[in-house]
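S.K.: Handing you this structure, nothing more for now.
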Amino acid sequence: MNNIDLVKALHQIWNTGDLAPIDRVYAHDFLAHWPASSEVPERRGIEGVRFGVGRIRTAFPDWHEQVLDVFGSGDRIASRYVSTGTHKGTFWGIEPTGRRIEIQEISIFRIADDRIVEQWCMFDDLARLQQLGVSVEHLRKVLKI
């Protein structure tokens with residue numbers, strides 16, 4: 001599988017919640033970097049991926065990442081995508097609202113030995129929380145500010 005197809009396979013894992021291909025897509029020492037505002041700014045290893053997929057698909061069972069662009073060179077692949085989902089489970093301590101969210105995301109992936117070993121992801125947590133109707137008081141509590 002070429003590097004672009006590998007990144008597309010990663011998005012399919014998140015879209016379907018099917019964890020079977022994880023070992024073929026992610027390296028065992030995988031490391032993800034999320035924005036500092038995230039609840040979990042770093043995620044490590046296959047278990048970190050399993051946790052992340054389970055967490056997002058529990059909160060947003062219809063989670064979908066529509067890939068708009070994917071390109072790269074050498075061991076680096078970039079992906080621009082729109083993530084959508086309906087809030088049906090607790091997320092960041094926020095009880096289900098039934099609201100549908102849509103957030104823009106960009107990720108850069110580093111690939112080695114035919115596996116994704118590192119990811120840098122940028123997304124707008126504030127937009128996600130605003131779409132969920134989160135109060136300023138709850139934001140302060142969650143973000144500890």
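S.K.: Regarding region 61-78, can at least one residue be identified that is part of a helix (DSSP H, G or I) and not small (Gly, Ala, Ser)?
M.R.: No, the conditions are met nowhere in region 61-78.
S.K.: Moving to a separate point now. Return yes when ASP69 is closer than 23 Å to ASP29 by Cβ, surrounded by fewer than 15 Cβ atoms within 10 Å (Cβ to Cβ) and among the acidic types (Asp, Glu) and no when it is not.
M.R.: So ASP69 does not fit the description; no.
S.K.: Which is under 14 Å from the mean Cα position of the chain (by Cα) and under 15 Å from ILE111 (Cα atoms), of ALA9, ALA27?
M.R.: Within the list ALA9, ALA27, the selection yields ALA9.
S.K.: Here's another thing I want to ask about it. I'd like the full set of residues that are of a type in the set (A, V, I, L, M), outside any strand (DSSP E or B) and surrounded by 16 or more Cβ atoms within 10 Å (Cβ to Cβ), limited to region 108-130.
M.R.: LEU129
S.K.: Can I ask one more? Yes or no: GLU102 under 19 Å from LEU6 (Cα atoms) and either assigned to a strand (DSSP E or B) or touching a Ser or Thr at 6+ places or on another chain (Cβ under 6 Å) (or both)?
M.R.: no
S.K.: A further question follows. Inspect region 45-57 for any residue being free of Cβ contacts under 8 Å to residues at least 12 places away in the same chain, more than 16 Å from CYS121 (Cα to Cα) and touching a Lys or Arg at 6+ places or on another chain (Cβ under 9 Å) and give the result as yes or no.
M.R.: Yes, because at least one residue in region 45-57 is free of Cβ contacts under 8 Å to residues at least 12 places away in the same chain, more than 16 Å from CYS121 (Cα to Cα) and touching a Lys or Arg at 6+ places or on another chain (Cβ under 9 Å).
S.K.: Is it true that GLY85 is assigned to a loop (DSSP other than H, G, I, E, B), of a type outside the set (Asp, Glu), over 15 Å from PRO35 (Cα atoms) and free of Cβ contacts under 8 Å to residues at least 60 places away in the same chain?
M.R.: Taking the combined requirement at face value, the residue does not satisfy it.
S.K.: Further question on the same structure: Kindly provide the set of residues from region 64-97 that are under 18 Å from LEU126 (Cα atoms) and either in contact with a His (Cβ under 6 Å, 6 or more places away or on another chain) or aromatic (Phe, Trp, Tyr) (or both), ordered by number.
M.R.: Within region 64-97, TYR81, THR84, PHE91, TRP92, PRO96, THR97 qualify.
S.K.: May I pose another question? Hey, can you tell me all the residues within region 1-47 that are in a strand (DSSP E or B), loosely packed, with under 14 Cβ neighbours inside 10 Å and at pLDDT 95 or above?
M.R.: HIS28, ASP29, listed by residue number.
S.K.: Can I ask one more? If we scan region 120-142, do we find a residue that is under 21 Å from ASN15 (Cβ atoms) and touching a Leu at 6+ places or on another chain (Cβ under 8 Å)?
M.R.: Checking region 120-142: not a single residue is under 21 Å from ASN15 (Cβ atoms) and touching a Leu at 6+ places or on another chain (Cβ under 8 Å).
The values are calculated or read from the model by the stated rules, or taken from the named source; none is laboratory data. Model, not experiment: these values are computed from the prediction. Every residue, glycine among them, receives a Cβ derived from its backbone with ideal geometry; neighbour counts consider all protein chains shown.
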